[in-house]
Amino acid sequence: MAPRANWKGFLRLSLVTCPVALYPATSDTEKVSFNQINRKTGHRIKYAKVDADTGEEVANDDIMKGYKVDTDTYIEVTKDELDELALESTRTIEIDEFVPRADIDSRYVIRPYYLVPDGKVGHDAFAVIRETIRTMDKVAIGRVVLTNREHIIALEPLDKGLMGTLLRYPYEVRSETEYFEDIQDVKITKDMLDLARHIVEQKSGSFEPEQFEDRYEQALIDLINQKRNGLSTTAKAAPKTTGNVINLMDALKRSLASEKQAAPAAKVTEKAKGKKPKKAAAGQREMLLPISGGGKRAAKETAKETVKEAPKKAEKPVRSAARTKKAG
């Protein structure tokens, strides 16, 4: 099922306008998530909106926004008043300027979105704007209102569409000065820098996201599957730390030696595999499906599939009667 657009409106470059839709480029929905449950009953915990003084539950229609100015003193703001603040960017992304990509400090980057034509009309105008940005080899800067806030958005071509990256305002970015002022000024010898450079060269490569696996996510999946199948879980020992470096030069030399030994082994492994491993995300998605399956029927089918894949596991998950109701 295709994701819903977070925003729909118009993209405009001077007098060239086209209807567009903005979609999130990333998702956390495939990650394992937990609900809070009652330890005694296994039932999910619900949260109620209550009056801080009376303790009585408050209906949604009676809840409004308030800006705190003093203890128990708030300036009340209604939804209608907020709607009256509507800016042009509520419905239109107006391209204000073009800037070099390198000018955007990475600290200002929030999250990426995909911008596509909305509907069957406007594809020509969209293509004109996209290719103009591409030929300029720059990033288009505009503004858009999302979640009742106006954001700066940087637009750049991505295949047939546009990628829009939300940017922070200057007041949202902390200065590094107060954090870095206590860092000591030290002199590094040329020999140390040469050794460190050799280590970097040994570790150099291309960034391939599919090579990275979310190890904590996989550990969560394994834990849930073990518990579902009634298997006991054992705590792993905490990883050992090497402690403080006493002799920096010696540590650099030993690091370089270990990297040189590891490099040939890694090449042999790559040749033996022949092909690149599947993306970790895809494997995790397959594992996630049985965990988040809906209802008792799906849980039973999942348990059977898990048993087939791993015959050493318990045939049926052991669950207490109090927790047969699925949390979530």
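The values are calculated or read from the model by the stated rules, or taken from the named source; none is laboratory data. The structure displayed is predicted, hence computed values, not measured ones. Quick reminder, even Gly has a Cβ in these numbers, built from the backbone with ideal geometry, and neighbours come from all protein chains shown. The area values use the complete protein model at the heavy-atom level, side chains included, leaving out ligands, DNA and RNA. Shrake-Rupley method; radii C 1.70, N 1.55, O 1.52, S 1.80 Å.
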| field | Residues satisfying the stated conditions in the range 70-96, i.e. among the aliphatic types (A, V, I, L, M) and more than 34 Å from the chain's Cα centre (by Cα) | value | Ile75
| field | Test: residue in the range 212-226 that is within 30 Å of Asp118 (Cβ to Cβ), at pLDDT below 90 and of a type outside the set (A, V, I, L, M, F, W, C) | value | no
| request: Identify, from the list Arg130, Arg134, the residue that is assigned to a helix (DSSP H, G or I), without any contact (Cβ under 8 Å) to a residue 40 or more places away in the chain, surrounded by 15 or more Cβ atoms within 10 Å (Cβ to Cβ) and of a type in the set (Lys, Arg). | output: Arg130
| Based on what the data block shows, is Arg107 basic (Lys, Arg) and either open to solvent by less than 100 Å² (accessible area, probe 1.4 Å) or in a strand (DSSP E or B) (or both)? | no
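To keep it simple, each residue is scored yes or no on (1) in contact (Cβ under 8 Å) with a residue 12 or more places away in the chain; (2) in contact with a Ser or Thr (Cβ under 6 Å, 6 or more places away or on another chain); (3) within 25 Å of Leu11 (Cβ to Cβ); (4) assigned to a strand (DSSP E or B).
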site	(1), (2), (3), (4)
His151	yes, no, yes, yes
Ala154	yes, yes, yes, yes
Met163	yes, no, yes, yes
Tyr171	no, no, no, no
Arg174	no, no, no, no
Ile183	no, no, no, no
Val186	no, no, no, no
Asp191	yes, no, no, no
Asp194	no, no, no, no
| said: Restricting to the range 1-26, and then to whatever is surrounded by fewer than 10 Cβ atoms within 10 Å (Cβ to Cβ) and hydroxyl-bearing (Ser, Thr, Tyr), can you tell me which residue is nearest to Val144 (Cα to Cα)? | reply: Ser14
| task | Considering only the range 27-79, state which residues are within 26 Å of Ala219 (Cβ to Cβ), in contact (Cβ under 8 Å) with a residue 40 or more places away in the chain and open to solvent by less than 100 Å² (accessible area, probe 1.4 Å). | result | Glu30, Val32, Asn35, Ile37, Gly42
| Which of the residues spanning the range 24-77 are more than 29 Å from Ile110 (Cβ to Cβ), of a type in the set (Gly, Ala, Ser) and in contact with a strand residue (DSSP E or B) (Cβ under 9 Å, 6 or more places away or on another chain)? | Ala48
| message | Looking at the range 208-225, I want the residues that are within 13 Å of Glu30 (Cβ to Cβ) and have a partner that is assigned to a loop (DSSP other than H, G, I, E, B) and open to solvent by less than 70 Å² (accessible area, probe 1.4 Å) with Cβ atoms under 9 Å, at least 6 apart or on another chain. Which pairs are those? | response | Glu217/Val32; Leu220/Val32; Ile221/Val32
| task | Scan the range 181-193 and give yes if some residue there is open to solvent by less than 100 Å² (accessible area, probe 1.4 Å), modelled with pLDDT under 95 and hydroxyl-bearing (Ser, Thr, Tyr), otherwise no. | result | yes
